[in-house]
Amino acid sequence: MVKLTKDFKLKFGPWAVVTGASSGIGEAFAKILAANGLSVVLTARREDRLKKLAESLAKEHDIETRVIVADLSTAEGPEQIASQTADLDVGLLINNAAIEVHGSMFRQELEKHQQVINVNVCAVTTLAYRFGRRFADKNRGGIIFVSSVGADALPWTATYTATKSFVSTMSYALRSELADKGVSVLALEPGLVESEMSAGADDVDFKKFGMPKQSAERCAGVTLKCLARNRLRTTPGRRNTMAISLLRFLPKRMGMSLKTMNTKRAMSPESLTYK
Ligand SMILES: NC(=O)c1ccc[n+]([C@@H]2O[C@H](COP(=O)([O-])OP(=O)(O)OC[C@H]3O[C@@H](n4cnc5c(N)ncnc54)[C@H](OP(=O)(O)O)[C@@H]3O)[C@@H](O)[C@H]2O)c1
């Protein structure tokens, strides 16, 4: 298990809030934090999974847990998380939960795109507002915004990658705003990571993206260490970092052409059509 420095808990504990803790990267964050002595608030919609995780973490690591079932596609969801943690000394928010929509934009109903924006943008903003203010008031704490390497735009995932541009931008800007308040803000911009999101699509073959798939534990572990070092952003994995550095170096139009070719190869022909 990933070992964090001793003062990690002093700065970012004693409680951490993890959204999307019922699977994938969120679950991995919760496990590492608990193993390092932080108590965790686990939130998502699937209560059975959250309760099972909470029980096992409390038993294994002698920490406290709280489960909050909240739907982040609603305006009430993030407010519930804020109000139901008002009695806790929270030092870390992991703004992780998100949903994806891919394929030609017009194959899905408009409502689906709006739902993606609600979860990935509106809820992320409300949570950053509520917890960021609490951290600034006590001059201590941290926020991890979980974005994506796709934050710089990928065709056929227009809405999803646009929400991730928002998330990265908010993270960089807030980092500067909160720097003199002793609050660290980090953008996690991962490549492919093993999770339900990267496994659950039959119209896209993620292997054809030519990126290695990382374990969720490795991704979360590297990220927490980067937070402790007060980094601006991280894309865990050497090959991912190299690919993303190259894309950032290329002129935008050339980078988009490369990404278009790559994405086209990975998607099924039907998902690229408009109907
Ligand atoms: N996996 C990758 O390759 C990859 C790459 C780049 C970025 N990311 C980012 O990593 C983050 C975590 O994703 P993941 O890969 O770990 O995917 P995942 O396994 O699908 O996890 C998504 C989490 O979000 C929660 N969630 C979804 N809709 C929700 C809603 N309406 N209300 C509350 N919670 C909701 C899910 O829980 P419930 O279903 O129980 O609500 C689940 O816990 C996301 O921000 C994603 O964009 C992932």
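The values are calculated or read from the model by the stated rules, or taken from the named source; none is laboratory data. All of these numbers come straight from a predicted model, not from anything done at the bench. Cβ sites come from the backbone with ideal geometry, for glycine too, and all protein chains shown count toward neighbours. Heavy atoms of the whole protein, side chains included, go into the accessibility calculation; ligands, DNA and RNA do not. Shrake-Rupley method; radii C 1.70, N 1.55, O 1.52, S 1.80 Å.
Take the Cα of PHE206, go 7 Å toward its beta carbon, and the backbone nitrogen atoms of region 10-42 under 14 Å from that spot belong to 23-28. Over the chain, dividing the summed -39,500 (n - 2.57) contributions of all DSSP H runs of at least 4 residues by the number of residues returns a 222 nm mean residue ellipticity of -14500 deg cm²/dmol. Rounded to the nearest 20 debye, the dipole size of region 157-242 about its Cα centre is 480 debye, using +1 on the Cβ of Lys and Arg and -1 on the Cβ of Asp and Glu. Dipole of region 198-249 computed with +1 at Lys/Arg Cβ and -1 at Asp/Glu Cβ about the Cα centre; of MET242, VAL204, ALA216, farthest Cα towards the positive end is MET242.
Shape verdict for region 1-141, please, from the Cα gyration tensor: rounded (a/c under 1.5), prolate (a/b greater than b/c) or oblate. Taking the square roots of the gyration eigenvalues as a ≥ b ≥ c, region 1-141 is prolate.
Farthest toward the positive end of the dipole of the chain, out of ASN230, THR43, LEU33, is the Cα of ASN230, where the dipole comes from beta carbon charges about the Cα centre.
3J(HN,Hα) along region 53-70: 5, 4, 4, 5, 5, 5, 5, 6, 10, 6, 10, 9, 9, 9, 9, 10, 8, 8 Hz, from the Karplus curve 6.51 cos²θ - 1.76 cosθ + 1.60 with θ = phi - 60°, whole Hz, x for Gly and Pro. Close amide H pairs (under 5 Å, H built 1.01 Å from N) link THR19 with ILE94, ASN96, ALA97, residues at least 5 positions away or on another chain. Given +1 at the Cβ of Lys and Arg, -1 at the Cβ of Asp and Glu and no other charges, the dipole of the chain around its Cα centre is 1180 debye to the nearest 20. Per-residue Karplus couplings for region 113-124, computed as 6.51 cos²θ - 1.76 cosθ + 1.60 with θ equal to phi - 60°, are listed in order as 5, 5, 5, 4, 5, 4, 6, 7, 10, 5, 5, 4 Hz, Gly and Pro entered as x.
Accessible surface calculations at 1.4 Å, restricted to protein heavy atoms, place region 1-158 at 44 Å² per residue. Rounded if a/c is under 1.5, else prolate if a/b is larger than b/c, else oblate: which is region 106-168, with a ≥ b ≥ c the root eigenvalues of its Cα gyration tensor? Oblate, because a/c is 1.5 or more while a/b does not exceed b/c. Remark: spin-label model distance THR74-LYS181 equals 2.8 nm, labels positioned 7 Å along the Cα→Cβ axis.
Between TYR172 and SER257, the modelled label-to-label distance comes to 2.5 nm, taking each label 7 Å out from Cα in the direction of the beta carbon. The residue list LEU88, THR74, SER257 was ranked by how far each Cα lies along the charge dipole of the chain toward its positive end, using unit charges on Cβ atoms, and SER257 comes out on top. Near SER184, the amide H atoms lying under 5 Å from its own belong to GLY141, GLY142, ILE143; only residues 5 or more places off or on other chains count, and H is placed 1.01 Å from N. Note that region 151-164 has calculated 3J(HN,Hα) couplings of 4, 8, 5, 10, x, 6, 9, 4, 5, 4, 5, 5, 5, 6 Hz, one per residue in order, obtained from phi through the Karplus relation 6.51 cos²θ - 1.76 cosθ + 1.60 (θ = phi - 60°); glycine and proline are x. The residues neighbouring PRO251, those whose beta-carbon lies less than 15 Å from its own, together hold a net charge of +3 under the Lys/Arg +1, Asp/Glu -1 convention. Local charge for THR161 was computed over the other residues whose Cβ lies under 12 Å away, with Lys and Arg +1 and Asp and Glu -1, and equals -1. Report note on the peptides 41-47, 131-137: ranked by the mean count of other C-beta atoms within 10 Å, highest first, their order is 41-47, 131-137. Probe radius 1.4 Å, ligands and nucleic acids ignored: give me the carbon and sulfur share of the accessible area of region 14-140 as a rounded percent. Here carbon and sulfur together make up 47 percent of the probe-accessible area. Is region 188-275 rounded, prolate or oblate when judged by the Cα gyration tensor, a ≥ b ≥ c being the square roots of its eigenvalues, rounded requiring a/c under 1.5 and prolate requiring a/b larger than b/c? Judged from the Cα gyration tensor, region 188-275 comes out oblate (a/c at least 1.5, b/c at or above a/b).
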